[in-house]
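Data first, discussion second: the structure below is written as structure tokens.
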Amino acid sequence: MPDFLVAINTFVQHTQVPRQFRAVDVKGLFTNIWFLVPFLAVVGHFLYHKSVGSLILLATGVGVWVVSGSPYMHGLVVDGQLQIGKVLPVAGVGLVVLGILVYVLFLRSD
């Protein structure tokens, strides 16, 4: 792995970013007025400017973030062993998300 990727990985592990993402209270976040007002302002801005691509990217990002914290994802690895039966649906959803992102970013013209 190139040196800059090692440096980035070391930084991310040192700052404990993955642990912080796992500790986020999603229900509490979306009921907090200090998060909800700016979030709705961004969504309203995208709607006002008819930025469908930006709305799709935002919805995809929020959806992937919420699903990554679901009990299904927590059960993907049990006792250090990858559950092979659960990998195919995750890979399928990943391909669909990747297809949507490629379509919105590269193929669709506004």
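Observations on the structure shown:
- Radius of gyration, Dmax [the stretch 51-107; alpha carbons; angstrom]: 13.7, 44
- Helix 84-102 vs. the chain, principal-axis angle (Cα, 0 to 90°, nearest 10): 30 degrees
- Accessible surface of the chain [probe 1.4 Å, protein heavy atoms]: carbon and sulfur percent: 71 percent
- Helix axis angle, 52-68 relative to the chain longest principal axis, alpha carbon, degrees: 30 degrees
- Cα-centred dipole magnitude for the chain, charges only on beta-carbon of K, R (+1) and D, E (-1), debye, nearest 20: 200 debye
- Relative contact order of the chain: 18 percent, from C-alpha pairs under 8 Å at least 6 residues apart in sequence.
- Residue among H14, H49, H74 with the largest mean-square fluctuation in a Gaussian network model of the chain, springs linking Cα atoms under 10 Å: H14
- In this structure the chain gives 79 Å² per residue of accessible area when probed at 1.4 Å with all protein chains present.
- Cα principal axis extents for the chain, largest first, Å: 48, 35, 35
- Theoretical gain in end-to-end length, V43 to F30 [0.36 nm per residue, Cα-Cα removed]: 3.3 nm
- In loop segments of the stretch 19-55 as defined by DSSP, the trypsin sites (Lys or Arg not before Pro) with at most 14 further C-beta atoms inside 10 Å of their C-beta are K50.
- Angle in degrees between helix 33-48 and the longest Cα principal axis of the chain, rounded to the nearest 10: 60 degrees
The values are calculated or read from the model by the stated rules, or taken from the named source; none is laboratory data. Everything numeric here is computed off the predicted structure, so don't read it as measured data. Neighbour counts are summed over all protein chains in view; Cβ atoms, including those assigned to glycine, are modelled from backbone coordinates with ideal geometry. Just the protein is used for accessible areas: all its heavy atoms, side chains included, with ligands, DNA and RNA removed. Shrake-Rupley method; radii C 1.70, N 1.55, O 1.52, S 1.80 Å.
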